[in-house]
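Some notes on the structure that comes next.
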Amino acid sequence: MLARLLQLVILGALALAAVWAWAGWSYGYPIWAAVGAAMIIGGYALVLALEFALLRLAHGTDPTPPASAAQLFRAWCGEVAAAPWVFCWRQAFRSQTFPDHLPADGSRRRGVLLLHGFVCNRGLWNPWLIRLTAQRTPVIALNLEPVFGLIDDHIQRIEKGMAQLEELTGLPPIVVAHSMGGLSLRRWWTEPGNELRIHHAITLGSPHHGTWLARFALTRNARQMQLNSPWLRSLASRESPGRYAHVTCFYGHCDNIVFPPSAATLPGARNLHLAAVAHLDMADRHEPWQELMRLLAPDIEER
């Protein structure tokens, strides 16, 4: 569903830019033709800049170190490059290119479940799917739908992916979740009988305590991610003591979606800071991949 929506948005934007450029040129306004077309295609960079300005203003008394102007600019550049590559290519046109890897000889090989975040799909994980498949690690990347439904609606899809990996490998899998996917995982984890079904969880920029930006939310799942929302408080109240010891949280002071930065951490978890890295760009960083390899190392060495 999201892939088709993104395709329509991309094609619509390109058509609008072409019409604007043609009209401006035809009426003798070549500069306005070029500027208008550029704004239609690249205006998202200004939206990202506004997000970075807001995260700086909203940092307040957060215990994490504030980002410098140079770090914010570096993170903005990374996000400007990552956004079209992820949204306009991987997720729009390549979300089904790389299938899940469920090898017939996958018994006793620990599997990996990949969960994307808000307004994303499994195409986010294409580089991870390629590398995990190459090293013969069982892996499933889910599409969490409905796109704008409640986070609670993801339970059945996560359960299906978990059950597939458990049946194939005979082992609790490792789950890697970006952004809202971390909350989807935690919600599934609170269901009866799921306490011991995860070997370890890695979250990347997940709004565990919500995000300041969600105060402008319009969709149901985004409203659930408001800072310390009733839904988040209810979720935390159902989690067992010590569970967070099985979680690694990557967070950053340049995360333009989840801020203040400490909102992406959990008490008792292994909280790792990514300096000068923006929200979407976290999924392509080497640090989370290295953490997954560290957790998979005993399984890989046995092969």
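Being more than 24 Å from Glu51 (Cα to Cα) and touching a helix residue (DSSP H, G or I) at 6+ places or on another chain (Cβ under 6 Å) narrows it down to one residue among Leu113, Leu183, Leu132, Leu171; which is it? Quick ask: steps written out before the conclusion?
Details: Leu183 fails: more than 24 Å from Glu51 (Cα to Cα); Leu132 fails: touching a helix residue (DSSP H, G or I) at 6+ places or on another chain (Cβ under 6 Å); Leu171 fails: touching a helix residue (DSSP H, G or I) at 6+ places or on another chain (Cβ under 6 Å).
Going through Leu113, Leu183, Leu132, Leu171 in turn, the sole match is Leu113.
Which condition number does Pro172 fail, the rest of (1) surrounded by fewer than 20 Cβ atoms within 10 Å (Cβ to Cβ); (2) out of contact with any His (no Cβ under 7 Å at 6 or more places or on another chain) being met?
With (1) surrounded by fewer than 20 Cβ atoms within 10 Å (Cβ to Cβ); (2) out of contact with any His (no Cβ under 7 Å at 6 or more places or on another chain) applied to Pro172, the lone miss is (2).
Taking Ser107 and the conditions (1) more than 16 Å from the chain's Cα centre (by Cα); (2) at pLDDT 95 or above; (3) assigned to a loop (DSSP other than H, G, I, E, B), which numbered condition does it fall short on, given that it satisfies the others?
Result: Ser107 passes all but (2).
For Pro63, state whether it is surrounded by fewer than 15 Cβ atoms within 10 Å (Cβ to Cβ), in a loop (DSSP other than H, G, I, E, B), modelled with pLDDT under 95 and not β-branched (Val, Ile, Thr).
On the way: surrounded by fewer than 15 Cβ atoms within 10 Å (Cβ to Cβ): yes; in a loop (DSSP other than H, G, I, E, B): yes; modelled with pLDDT under 95: yes; not β-branched (Val, Ile, Thr): yes.
Considered against the rule, which asks whether it is surrounded by fewer than 15 Cβ atoms within 10 Å (Cβ to Cβ), in a loop (DSSP other than H, G, I, E, B), modelled with pLDDT under 95 and not β-branched (Val, Ile, Thr), Pro63 comes out as yes.
Spot the failing condition for Ala283; the list is (1) part of a loop (DSSP other than H, G, I, E, B); (2) hydrophobic (A, V, I, L, M, F, W, C); (3) touching a strand residue (DSSP E or B) at 6+ places or on another chain (Cβ under 6 Å), and only one is missed.
(1)
Picking from Arg131, Arg157, Arg136, which residue would you name as being in the same structural domain as Pro172 (by TED's automatic domain parsing), outside any helix (DSSP H, G or I), surrounded by fewer than 24 Cβ atoms within 10 Å (Cβ to Cβ) and not polar (S, T, N, Q)? Before the answer, list the steps.
Numbers: Arg131 fails: outside any helix (DSSP H, G or I); Arg157 fails: outside any helix (DSSP H, G or I).
The match here is Arg136.
Could you list all residues from the range 213-230 that are surrounded by 17 or more Cβ atoms within 10 Å (Cβ to Cβ) and touching a Gly at 6+ places or on another chain (Cβ under 9 Å)?
Of everything in the range 213-230, those that are surrounded by 17 or more Cβ atoms within 10 Å (Cβ to Cβ) and touching a Gly at 6+ places or on another chain (Cβ under 9 Å) turn out to be Asn221, Gln224, Met225, Gln226, Leu227, Ser229.
Does Met282 satisfy the condition of being at pLDDT 95 or above and crowded, with 22+ Cβ neighbours inside 10 Å? Talk me through it step by step, then tell me what you get.
Details: at pLDDT 95 or above: yes; crowded, with 22+ Cβ neighbours inside 10 Å: yes.
Yes; evaluated as a whole, the condition is true for this residue.
Show the residue pairs meeting these rules: Cβ distance below 8 Å; 6+ apart or different chains; first residue within the range 85-97 and within 13 Å of Asn143 (Cα to Cα); second residue assigned to a helix (DSSP H, G or I) and modelled with pLDDT under 95.
What qualifies is Gln91/Leu2; Ser95/Leu2.
Mind checking which residues of the range 100-122 are within 17 Å of Gln164 (Cβ to Cβ) and crowded, with 17+ Cβ neighbours inside 10 Å?
Those that are within 17 Å of Gln164 (Cβ to Cβ) and crowded, with 17+ Cβ neighbours inside 10 Å: Asp100, His101, Gly106, Arg109, Arg110, Gly111, Val112, Leu113, Leu114, Leu115, Arg122.
If I ask for residues that are without any contact (Cβ under 8 Å) to a residue 24 or more places away in the chain and either within 25 Å of Glu287 (Cα to Cα) or of a type in the set (D, E, K, R) (or both), which ones from the range 155-188 would you list?
Going residue by residue through the range 155-188, those that are without any contact (Cβ under 8 Å) to a residue 24 or more places away in the chain are 156-157, 160, 163, 167.
Listed by number, the residues that qualify are Arg157, Lys160, Glu167.
Quick check, is Asp100 of a type in the set (D, E, K, R), under 23 Å from Met293 (Cα atoms) and in contact (Cβ under 8 Å) with a residue 40 or more places away in the chain? Steps first, answer last, please.
Values: of a type in the set (D, E, K, R): yes; under 23 Å from Met293 (Cα atoms): yes; in contact (Cβ under 8 Å) with a residue 40 or more places away in the chain: yes.
Considered against the rule, which asks whether it is of a type in the set (D, E, K, R), under 23 Å from Met293 (Cα atoms) and in contact (Cβ under 8 Å) with a residue 40 or more places away in the chain, Asp100 comes out as yes.
Looking at Pro267, Pro192, can you tell me which residue is at pLDDT 95 or above, out of contact with any helix residue (DSSP H, G or I) (no Cβ under 9 Å at 6 or more places or on another chain) and surrounded by fewer than 22 Cβ atoms within 10 Å (Cβ to Cβ)?
Values: Pro267 fails: out of contact with any helix residue (DSSP H, G or I) (no Cβ under 9 Å at 6 or more places or on another chain).
None of the other options fit; the residue is Pro192.
Among the residues of the range 28-50, are any exposed (fewer than 12 other Cβ atoms within 10 Å of the Cβ), small (Gly, Ala, Ser) and touching a residue at least 24 places away in the same chain (Cβ under 8 Å)?
no
For a quick check of your reading: which helices (runs of 4 or more DSSP H) sit entirely within the range 171-271 and have at least 3 residues that are over 15 Å from the mean Cα position of the chain (by Cα) and more than 27 Å from Gly60 (Cβ to Cβ)? Step through it out loud before you land on a result.
Values: elements: 180-189, 220-224, 230-237.
So the answer is 180-189.
The values are calculated or read from the model by the stated rules, or taken from the named source; none is laboratory data. For clarity, every value in this text was computed on a predicted model and none was experimentally measured. Cβ: placed from backbone, ideal geometry, glycine included. Neighbour counts: every protein chain shown.
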